[in-house]
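What follows draws every value from the coordinates through simple rules; no lab data is involved. All values reported here derive from a predicted model rather than from experimental measurement. Using ideal geometry, Cβ is built from the backbone for each residue, glycine included, and neighbour counts are taken over all protein chains shown.
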Amino acid sequence: MSFQPPVTPTSEVPTALREHGYAVLTRDGLCELAGIDSPALDALRPSWNELPLDGFLRDGGRYRSRRHSCFIVDGDALTQVPHRAHWQPVEYNALHGGMERWFEPVQPDIVSQPVWAGLIRGIAACCSQLKGERPWYVEAHQFRIDTTDGIGRPTPEGAHRDGVDFVAVLLVGREGIKGGETRVFEADGPNGLRFTLTEPWSALLLDDARVIHESTPIQPQGDTGHRDTLVLTFRAGGFQGPE
């Protein structure tokens, strides 16, 4: 059974994040929040066909491809920083924490598109509504989870937090799959919900201190299939890294 996402009106996103720790946006809602042109988003989609294989999966899988780049948002200014490793402590990622993972960067022709900058700046502005105006240290992850091995795992580490302030999970698209259900749970309580994002460029925004999240495995409906996402994390004070 697939549960419909509990969509949040754009005007209520800050309140929903403050009271519940999450908000779900349709494609139109995401565009309204970020002040971007909806058709421009589709120009980003072909780049998901060119993601290198993730060579750091400790379960030995071949189901994940990705790119990763880092940015700083300071007011209206978005700056891409020199390429750096993705790092998380084991407290937040028991499977892949504690090691520097060097992924290929997001392609320059994608980063240079105005809609890319608009997405990041728009979500950062929402973060500032909740936490106050400040620089935001942003990590951008392009993911493709496929069914090469018969099953693909969007979150092989299980239900988790990311060790940041806010997380945005944008569904770029899904093709020929079943599964991929999103689950969000209170970090310090019993409540949770489950739903499946299906609309391209619909989005889940999370207060990372308030909730934990995961996505269930995907399986092919035919010969093969995949699920593409863009995950943006926003952290105050600096990027995560080994001390």
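Rounded to the nearest 20 Debye, what is the dipole magnitude of the chain about its Cα centre when Lys and Arg each give +1 and Asp and Glu each give -1 at the C-beta?
280
So who's got an amide H within less than 5 Å of the one on residue 178, skipping anything under 5 residues away but keeping other chains? H placed 1.01 Å off N, in plane.
Hits under the 5 Å cutoff: 219, 221.
Quick one: give the max-minus-min coordinate of the C-alpha atoms of segment 52-125 along each principal axis, largest first, in Å.
Cα spread of segment 52-125 along its principal axes, largest to smallest: 40, 27, 20 Å.
Can you run phi through the Karplus equation (6.51, -1.76, 1.60; θ = phi - 60°) for segment 163-175 and list ³J(HN,Hα) in whole Hz, with x for Gly and Pro?
In residue order, the calculated couplings are x, 10, 8, 9, 10, 10, 10, 9, 7, 7, x, 9, 9 Hz.
Write down, largest first, the equivalent ellipsoid semi-axes of segment 1-74 in whole Å, where each equals the square root of 5 times an eigenvalue of the alpha-carbon gyration tensor.
29, 19, 15
Tally Lys and Arg at +1 and Asp and Glu at -1 over the other residues with C-beta under 12 Å from the C-beta of residue 213: what net charge comes out?
-3
So, counting K/R as plus one and D/E as minus one, what does the shell of residues with Cβ under 12 Å around residue 107 add up to?
-2
Rounded, prolate or oblate: which one fits segment 61-200, using the alpha carbon gyration tensor with axes a ≥ b ≥ c (rounded when a/c is under 1.5, else prolate when a/b beats b/c, else oblate)?
rounded
Among all helices in the chain defined by DSSP H, which have a length of 24 Å or more along the axis from Cα atoms plus a Kyte-Doolittle mean of at least -1.0?
114-131
Quote the convex hull volume per residue of segment 1-149, based on C-alpha atoms, as a whole number of Å³.
Each residue corresponds to 159 Å³ of Cα convex hull volume.
If I take R0 = 22 Å and measure r between the Cβ atoms of residue 151 and residue 191 in this structure, what FRET efficiency does the formula 1/(1 + (r/R0)^6) give, to the nearest 0.05?
That pair, residue 151 with residue 191, gives E of 0.20.
Could you check the simple spin-label distance between residue 59 and residue 209, using points 7 Å along Cα→Cβ, in nm with one decimal?
About 3.1 nm separates the two model spin labels.
Could you tell me which residue out of 86, 105, 16 lies farthest along the dipole of segment 9-153 toward its positive end? Charges go on the beta carbon: Lys and Arg +1, Asp and Glu -1, centred on the Cα centre.
The residue sitting farthest along the positive end of the dipole is 86.
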